[in-house]
Structures are given as C-alpha cells and as structure tokens.
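Enquirer: Handing you this structure, nothing more for now.
The values are calculated or read from the model by the stated rules, or taken from the named source; none is laboratory data. Keep in mind that what you see is a predicted model, and the values were worked out from it rather than measured. So basically every Cβ, Gly included, is an ideal-geometry build from the backbone, and we count neighbours across all protein chains shown.
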Amino acid sequence: MKTMLKGIAASDGVACGRVYRLDEPDLHVSQQTITDLDYELNRFHQALEATVSEIETIKTRVNKNLGADRAQVFIAQMAMLKDQDLVGDVETRIREQHVNAEFAVALVSSTVEDELAELADNPYLQDRLTNWQTVAKRLTAHLLGVTLPDLALVNDPVIVVTHDLIASEAVAVNPKQVLGFVTDAGGRTSHSSILARSLNIPAVVGTQAATHELADGDLIVINGTQGNVMVGPTADEVTAARQTMAQRVKNQRRLKRLTHYETVSQDGVGVTLAANMGTVTDLPRVMASGAEGIGLLRTEFLYLDAQHLPTEDEQFAIYRQVLETLGSRPVVIRTLDVGGDKTLPYRPSQSEANPFMGARAIRQSLAHQQVFRSQLRALIRASAFGHLSIMFPMIATLDELRQAKAIYDDERSKLTAKRVPMGKIAVGMMVEVPAAALLADRFANEVDFMSIGTNDLIGYTLAADRTNQNVAYLYQPYHPAILRLIDNVISAGHAAGIPVAMCGEMAGDPIALPLLLGMGLDEFSMAPGSILKTRQRISQLDAHELASLAETTVNSASTSQEVVTMVQAAVPGVLK
C-alpha cells in the first residue's frame, strides 16, 4: 500500500531505491558464567578476526573514496586488535573470571576508560581511547551477532534513512552508492542537508517519522525538490522516477561544460562563484565543481575530528595544503566557530540555557586567546602559499571586531619580526548578527570584505532555531526583513569600496538568486554541487533588470510568499 511522508525539501532531485537504515542496534551485554572456556576463547578469536577483516575493508574503501589521510585511523584500530596486552586482558578475564567474551570486552573497556580519563591532556592517549572504544563496539557487535550499520560498507545503491546524520557518519558517504538521504530531524541548513547539496544528491529532512515508518529494504521514491517520500510506489511511479534520475545525470553532464567558464550574467555583469568547504576531504569535489575559489572554509573540522586541540603545525599543514591546491584562486578561511551545537569533547564547557546566543564563535576565541592566537599564527604562516583571506565569525560589536583585529595584528607583527614568510592577507567578518547587518556601514570601514552568513542571520532575525521542527515554518530566507538586511549590507559594503559575499545556504537558492544578483552581491559561496547550475542560471539573468525587482521586493513585499510570487513571475524559466 502506497503512503506518503512529508518533510522539508533539503536538496533538489528525485531518487528511487531501497532503504538503508543508519541506526545503531542495542549492544547491551550481560554477564554469563562460562564453563567451556576453550569454546568461549575460540568465539572471542573468531570475532577478533571478523573485526580485523571488517576494518580492513572499511580502510580500503575510505582510502579509495576519501583519501589516505582519512584511512590512517583504521590502521591504528587494526594494530590495536593485534595488541597482545589488550587482547591478553580480555582472554585473562574469560579464563580467570569465567565470563562470556562480550562481558570480558566490556570489563576491559571500562578499565581502559578509567585509566585514560585521568590523562585527558595527553593527545596520544586520548586517540588511543577513542580507537579502543570503536574497536570494542565492533567486537561486541560480532559477539552478539548483530550488524553495525556503516556507510563505508555499503555495496549497492541505497537511500539512507536515519534520525539525523552526524559528522562522524558523514565522512564515509560515497555518492556513488548513496542515492539520497531521509531524516527525522533537521532543516534546510542542517548538516545532512548541507552534505547532500555538497554531494549533489537529493534529500528530504525533518520528516519526524521516517525511522518509524521505513524498514531496511523498503522501496521508496524521494523528491528533494518537493520534500516528500513515497513509500511503496507503483511500477509506473518507479519507472517515472528512474527516468527522472537518468535525465538528471544527463543534465549534470551537460553542465560540466561550464566548469571552466567565468560567471557572467546575460548583460555582462561578472560575479564570483565560490565553494563552501567543510573538511579537507572536500577538496577534490571543490576542484571539480567549477568553483572560482573557496568562499568559506569551516575550520571546525580540525577541532571536532580530533581528540585534542590541534597544534599550530597541524593546522598550518592543512591550511597550506588547501591554499597550494587552489593556487591563484582565493581562499576565505573562517576562524574557529564552536559553541552552540558544536562542542569540543576534549575541552570542558559550561552548560548554557541558550547556547546559540551564548559563548560561541568569536566570543570563544576572545575568551580563549591561546587557542585563537595559535590558529592565527598557522593561518598567517600558510598565507605564503596562496591567496588567503581570514574571516571572523559572529561579530556583533565593533569592540569585538577591533579586539580580534588587534590580536591578529599582534601575531602578524611577531612573525614579521622573526622574518617568517607570509603573503598579503585580507581580513574580513561574517555578518550573521542583525546588529552587525544594521550597522554595516560602520563595520565596512574597518574590514577588507564582508560575507553574509544567512543561516544564522535568518535564525536570529526571526527568533527561530533552524534545528527546531516546531518553528521550522518561521525559518524564512525570503522574508522581507531578511532581504532588507542583506540589501543594507551590500549597499554599505559598496559605499565603503569593499566586496560583499554571501556564504550562507541562501547563496545557492534559486529563488534568492535573482534578488541577490539584482542587489549587486559580488560573490556567491555555496555547496560545490550547486555551482554549475547556478552559473547556468546567472547566464540567463539580466542583472540590471533585476535591480528593480530587488528594490520592489525589499520596499513593497510584506511576506515571504509575496516575494516568491514576484520572483516566479519575473524569471519563471530560470528557476527550473
């Protein structure tokens, strides 16, 4: 029987395939008394061999799909499974305490965690703890006879269904095998949505019920443009969906011819199309996307993927790699933006009643200057290897901006005194707090560029948490108040003679595109998968004609729907 689930349209396109549920099974273990110790030891060693084989497979696939750097962790995990001390500890528990193998693994894990908890400042030991926890979980799953879902082990094309996709799961996504995403939680700016757009695969998020309604192997059709999931489609509906998928592939091949073209409107107005980048593993996609630079490199991955604060040299190596890869193309790197929904597991943080308006982003950096200075030194040193701009996130006051710039100037002066090679660096800020957008004319006189972060700007302006399903209807990028703020920032930047970019998800939105072009936005930074389609759309638009459309929506529209209606009437063909 066919049913329909409704969610949020997160990434355009249609996908038809079987469900792959990404939810962890129950790995709870209980103690059992064992009489046949040889049998139990043999059972443990069989699980050990199966775990080694599984991790070897994952390592090979991650190495092929994501690169050798990402595969290194699996080498460490395999070495741990062959560590005679740890393996011997499990064997001793089985022999001496006559307990079942999975309980013995749990006992050893508890001991390891207790010992290393007192050495939280030792990066090597913290990495070892994390690897052991991962290994122990896989061992336990084999002993219990249950399967741990793992995207790196997917062999056939599937549609991933999960409550919400977390960063540690996302790194294993292979776009050749993952046809699309469906999640219970999230919105257009959630991690799952951004990842889907980056990979250019369809996604429907915020269904609230997908994991309750869908089972492994169910055949579904998802429409990431309309935001719905068809369960149990008819043969004709499956055929139609697959024809749409095939046509999408043909269209994407056609768009490839635009990869090395400049981005110019129909009437000759040139703009820059840049890519947003979440981790260094995105580099191949960015380089193949047709991006004219990187408009936002989120440095959080260096901190969130590690088990310790990354050192200055570790950061320098990554920044240098990115800059050298991009060559003459500009790279905008945002300083650390943690807090809110992004916390560092190895650094204690105070509980906050409203973390999204608490100690996050530049506030964290100014409060923890040792971390901030280390990052700035790494960035300044890396600037010798490319075209670097540094951007400070969540600036709300001129005092914050001036303090951040003073710290940057201090570190640059120190490195200059030591004759450290460095390049010319532009220093800018993100405009994502309404106060900064309203006073953009003041800020514009103190920076080299501004970049509008619409994800937070929309949320703060409309007092709507984009991750909260209860208020998702209030997260409106086309709201006239948002358009007025954006227009104000662009006008202020141009009056001060500096470029204005946008690195929020709105930059790749087809409805917003004509308005932003009409307002005179200089740079659009978006998911790599959106760049070629956006380049094609811009080539069909007349920027000068759109200036009047933008002015009308900013000054006359009262609701989001009115804005959408105006845009659809003005440029209907471009939005397809």
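Enquirer: Which helices (runs of 4 or more DSSP H) does region 418-489 wholly contain that include 3 or more residues that are modelled with pLDDT of 95 or more and out of contact with any strand residue (DSSP E or B) (no Cβ under 8 Å at 6 or more places or on another chain)?
Expert: 434-438
Enquirer: Can I ask one more? Among the residues of region 500-516, are any outside any helix (DSSP H, G or I) and more than 26 Å from residue 183 (Cβ to Cβ)?
Expert: First pass over region 500-516, keeping only residues outside any helix (DSSP H, G or I): 500-504, 509-511.
Checking the rest, the ones that are also more than 26 Å from residue 183 (Cβ to Cβ) come to 500-501.
Looking through region 500-516, at least one residue is outside any helix (DSSP H, G or I) and more than 26 Å from residue 183 (Cβ to Cβ).
Enquirer: When region 230-250 is examined, which residues are found to be surrounded by 13 or more Cβ atoms within 10 Å (Cβ to Cβ) and either of a type in the set (Asp, Glu) or under 21 Å from residue 198 (Cα atoms) (or both)? Before the answer, list the steps.
Expert: Filtering region 230-250 down to residues surrounded by 13 or more Cβ atoms within 10 Å (Cβ to Cβ) leaves 230-233, 237-238, 240-242, 244-245, 248.
Across region 230-250, the qualifying residues are 237, 244, 245, 248.
Enquirer: In the set 221, 238, 280, 231, which member is farther than 16 Å from residue 200 by Cβ, in contact (Cβ under 8 Å) with a residue 24 or more places away in the chain and in the same structural domain as residue 304 (by TED's automatic domain parsing)?
Expert: On the way: 221 fails: in the same structural domain as residue 304 (by TED's automatic domain parsing); 238 fails: in the same structural domain as residue 304 (by TED's automatic domain parsing); 231 fails: in the same structural domain as residue 304 (by TED's automatic domain parsing).
Unique residue meeting the criteria: 280.
Enquirer: Here's another thing I want to ask about it. Can you find a residue that is modelled with pLDDT under 90, over 18 Å from residue 510 (Cβ atoms) and not in a loop (DSSP other than H, G, I, E, B) anywhere in region 285-300? Give the derivation first.
Expert: Residues of region 285-300 that are modelled with pLDDT under 90, as a first pass: 285, 300.
From what's left, over 18 Å from residue 510 (Cβ atoms): 285, 300.
Now drop any that are not not in a loop (DSSP other than H, G, I, E, B), which leaves 285, 300.
Yes; the residues of region 285-300 include at least one that is modelled with pLDDT under 90, over 18 Å from residue 510 (Cβ atoms) and not in a loop (DSSP other than H, G, I, E, B).
Enquirer: Quickly run through region 510-530 and pick out the residues that are among the polar types (S, T, N, Q) and either free of Cβ contacts under 8 Å to residues at least 60 places away in the same chain or in contact with a strand residue (DSSP E or B) (Cβ under 7 Å, 6 or more places away or on another chain) (or both). Lay out the reasoning, then the answer.
Expert: Just the residues of region 510-530 that are among the polar types (S, T, N, Q), to begin with: 525, 530.
Passing the criteria: only 525.
Enquirer: Does region 552-561 contain at least one residue that is within 22 Å of residue 499 (Cα to Cα) and either out of contact with any strand residue (DSSP E or B) (no Cβ under 7 Å at 6 or more places or on another chain) or among the aliphatic types (A, V, I, L, M) (or both)?
Expert: In the first step, residues of region 552-561 are kept if they are within 22 Å of residue 499 (Cα to Cα); the result is 554.
In the following step, the residues that additionally are either out of contact with any strand residue (DSSP E or B) (no Cβ under 7 Å at 6 or more places or on another chain) or among the aliphatic types (A, V, I, L, M) (or both) were identified as 554.
Yes; the residues of region 552-561 include at least one that is within 22 Å of residue 499 (Cα to Cα) and either out of contact with any strand residue (DSSP E or B) (no Cβ under 7 Å at 6 or more places or on another chain) or among the aliphatic types (A, V, I, L, M) (or both).
Enquirer: A further question follows. Which of the numbered conditions does residue 478 fail, given that it passes all the others? Conditions: (1) buried (at least 20 other Cβ atoms within 10 Å of the Cβ); (2) farther than 22 Å from residue 553 by Cα.
Expert: Tallying (1) buried (at least 20 other Cβ atoms within 10 Å of the Cβ); (2) farther than 22 Å from residue 553 by Cα, residue 478 fails exactly one: (2).
Enquirer: Can you tell me which residue within region 136-151, out of those that are closer than 22 Å to residue 215 by Cβ and among the small types (Gly, Ala, Ser), is surrounded by the fewest Cβ atoms within 10 Å (Cβ to Cβ)? First the steps, then the outcome.
Expert: Pass one, region 136-151, residues closer than 22 Å to residue 215 by Cβ: 141, 144-151.
Applying the additional criterion that residues be among the small types (Gly, Ala, Ser) yields 141, 145.
Values: 141: 20, 145: 7.
Result: 145.
Enquirer: Determine whether residue 159 is at pLDDT 80 or above and in a helix (DSSP H, G or I).
Expert: On the way: at pLDDT 80 or above: yes; in a helix (DSSP H, G or I): no.
No, not satisfied.
Enquirer: Also, I was wondering about something else. Among the candidates 496, 463, 472, which residue alone is touching a residue at least 60 places away in the same chain (Cβ under 8 Å) and aliphatic (A, V, I, L, M)?
Expert: Values: 496 fails: touching a residue at least 60 places away in the same chain (Cβ under 8 Å); 463 fails: touching a residue at least 60 places away in the same chain (Cβ under 8 Å).
Checking each option against the conditions leaves just 472.
Enquirer: Quick check on region 404-446: of everything there that is among the β-branched types (Val, Ile, Thr) and in contact (Cβ under 8 Å) with a residue 12 or more places away in the chain, which residue is surrounded by the fewest Cβ atoms within 10 Å (Cβ to Cβ)? Please lay out each step first, then the result.
Expert: Within region 404-446, the subset among the β-branched types (Val, Ile, Thr) is 407, 416, 420, 425, 427, 431, 433.
Okay, now just the ones that are also in contact (Cβ under 8 Å) with a residue 12 or more places away in the chain, so 407, 420, 425, 427, 431, 433.
Numbers: 407: 16, 420: 13, 425: 17, 427: 18, 431: 35, 433: 22.
If we take residues in region 404-446 being among the β-branched types (Val, Ile, Thr) and in contact (Cβ under 8 Å) with a residue 12 or more places away in the chain, then 420 is surrounded by the fewest Cβ atoms within 10 Å (Cβ to Cβ).
Enquirer: Another question about this same structure. Using beta carbons and a limit of 9 Å, which pairs, at least six apart or on different chains, have the first residue in region 247-275 and without any contact (Cβ under 8 Å) to a residue 40 or more places away in the chain and within 24 Å of residue 503 (Cβ to Cβ) and the second one of a type in the set (Gly, Ala, Ser) and surrounded by 15 or more Cβ atoms within 10 Å (Cβ to Cβ)?
Expert: Hits for this filter: 260/290.
Enquirer: Any idea how many residues of region 205-231 are more than 19 Å from residue 13 (Cα to Cα) and of a type outside the set (Val, Ile, Thr)? Break it down into steps so the answer makes sense when it comes.
Expert: Quick first cut of region 205-231, residues more than 19 Å from residue 13 (Cα to Cα) only: 208-209, 211-218.
Okay, now just the ones that are also of a type outside the set (Val, Ile, Thr), so 208-209, 212-218.
Of the residues in that region, 9 qualify.
Enquirer: Residue 564 - would you say it is touching a residue at least 40 places away in the same chain (Cβ under 8 Å), over 15 Å from residue 270 (Cβ atoms), among the aliphatic types (A, V, I, L, M) and buried (at least 19 other Cβ atoms within 10 Å of the Cβ)? Talk me through it step by step, then tell me what you get.
Expert: Details: touching a residue at least 40 places away in the same chain (Cβ under 8 Å): yes; over 15 Å from residue 270 (Cβ atoms): yes; among the aliphatic types (A, V, I, L, M): yes; buried (at least 19 other Cβ atoms within 10 Å of the Cβ): no.
Against the criterion (touching a residue at least 40 places away in the same chain (Cβ under 8 Å), over 15 Å from residue 270 (Cβ atoms), among the aliphatic types (A, V, I, L, M) and buried (at least 19 other Cβ atoms within 10 Å of the Cβ)), residue 564 does not qualify.
Enquirer: Same structure, new question: Any idea which of 188, 257 is over 26 Å from the mean Cα position of the chain (by Cα), of a type outside the set (A, V, I, L, M) and either over 21 Å from residue 535 (Cα atoms) or modelled with pLDDT of 85 or more (or both)? Give the steps one after another, and end with the answer.
Expert: On the way: 188 fails: over 26 Å from the mean Cα position of the chain (by Cα).
Being over 26 Å from the mean Cα position of the chain (by Cα), of a type outside the set (A, V, I, L, M) and either over 21 Å from residue 535 (Cα atoms) or modelled with pLDDT of 85 or more (or both) holds for just one of 188, 257, which is 257.
Enquirer: Kindly indicate whether residue 322 is touching a Leu at 6+ places or on another chain (Cβ under 6 Å) and at pLDDT 95 or above.
Expert: Details: touching a Leu at 6+ places or on another chain (Cβ under 6 Å): no; at pLDDT 95 or above: yes.
So residue 322 does not fit the description; no.
Enquirer: Among the residues in region 376-383, are any surrounded by fewer than 18 Cβ atoms within 10 Å (Cβ to Cβ) and either modelled with pLDDT under 95 or assigned by TED's automatic domain parsing to the domain that holds residue 298 (or both)?
Expert: Looking only at region 376-383, we keep the residues that are surrounded by fewer than 18 Cβ atoms within 10 Å (Cβ to Cβ), and these are none.
Within region 376-383, not a single residue is surrounded by fewer than 18 Cβ atoms within 10 Å (Cβ to Cβ) and either modelled with pLDDT under 95 or assigned by TED's automatic domain parsing to the domain that holds residue 298 (or both).
Enquirer: Turning to a different aspect of this structure: Going by the conditions given, is residue 207 surrounded by 16 or more Cβ atoms within 10 Å (Cβ to Cβ) and in a loop (DSSP other than H, G, I, E, B)?
Expert: Numbers: surrounded by 16 or more Cβ atoms within 10 Å (Cβ to Cβ): yes; in a loop (DSSP other than H, G, I, E, B): yes.
For residue 207, the condition - surrounded by 16 or more Cβ atoms within 10 Å (Cβ to Cβ) and in a loop (DSSP other than H, G, I, E, B) - is met.
Enquirer: Consider region 304-322. How many of its residues are under 20 Å from residue 420 (Cα atoms), in contact (Cβ under 8 Å) with a residue 60 or more places away in the chain and within 20 Å of the chain's Cα centre (by Cα)?
Expert: 3
Enquirer: Restricting the first residue to region 375-394 and requiring it to be closer than 20 Å to residue 432 by Cβ, which pairs with a second residue that is of a type in the set (S, T, N, Q) and in a strand (DSSP E or B) meet a Cβ separation below 8 Å and a spacing of at least six or different chains?
Expert: Close Cβ pairs (under 8 Å, with a partner that is of a type in the set (S, T, N, Q) and in a strand (DSSP E or B)) amount to 391/451.
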